[in-house]
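The values are calculated or read from the model by the stated rules, or taken from the named source; none is laboratory data. Quick caveat: nothing in here was measured; it's all calculated off a predicted structure. Please note that ligands, DNA and RNA were not included when accessible areas were found on the heavy atoms of the full protein model with its side chains. Shrake-Rupley method; radii C 1.70, N 1.55, O 1.52, S 1.80 Å.
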Amino acid sequence: MNKQEIGTFLLRVMLGISFFLHGLSKFKGGLENTSGWFQSIGIPGFMAYVVGMIELVGGIALIIGLGTRIISALLVFIMAGAIVYVKFPAGFLGNGEGSGYELDLVLMVIALHLVLNGSRFLSIDSRLPKLKKTQDSEMIAS
C-alpha cells in the first residue's frame, strides 16, 4: 500500500458519497419531478430514472469498491451531460442565476481518474478472483 492508493481510495469514497446523496435526493424529491425537469430541458424523461439509479446504486458501489471502473465510466457520461445540457450556458463559475460547471467538471475528472486507474484498496473488487486469459480464449478471439 502506498500514498497514491490511499489518495485514490479517498477519491473513490468521496465520489461515491456525493453521487449516492445526489441519487437519494432525486428519489426523495420524486423521480417524476426530475423526469419532468429533464423533459423541460430536452432530455427524455425516462433518463431521470436511469440517472437516479446510477447515482444511488453506483454511489454505494463506489463506496464499497464494487465495479469501480464501470460505475465511474457511467458517471463520466452523466457529468458530461450535466455540463452540456445544464451548466455550460452559465459558464465555469456561474452567472448569478445558476451555478457554473466547475464542480461537475471536478467530479467528472475524479470519475475519469477512477476509470483509468481503478481503486483496489479496501475494495470488494480486490477480493474478486481475477480473470485469466487462456490460450484457448485468445485463439477464439483471433
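Would you mind telling me which numbered condition in (1) assigned to a helix (DSSP H, G or I); (2) closer than 27 Å to N2 by Cα; (3) not small (G, A, S) L122 fails?
(1)
Name the single residue that is nearest to the chain's Cα centre (by Cα) among those in segment 118-130 being open to solvent by less than 80 Å² (accessible area, probe 1.4 Å) and not hydroxyl-bearing (S, T, Y).
Only one residue tops the list, namely G118.
Can you tell me which residues in segment 70-103 are more than 21 Å from P44 (Cα to Cα) and in a helix (DSSP H, G or I)?
Once the filter is applied, which keeps residues that are more than 21 Å from P44 (Cα to Cα) and in a helix (DSSP H, G or I), segment 70-103 yields I70, I71, S72, A90, E102, L103.
Working carefully through the options G42, G100, G59, find the one that is at pLDDT 95 or above and not charged (D, E, K, R).
On inspection, the qualifying residue turns out to be G59.
Quick one: how many residues across segment 2-42 are in a loop (DSSP other than H, G, I, E, B) and at negative phi?
3
Which of the residues that make up segment 24-70 are among the basic types (K, R) and open to solvent by less than 70 Å² (accessible area, probe 1.4 Å)?
The answer is K26, and nothing else.
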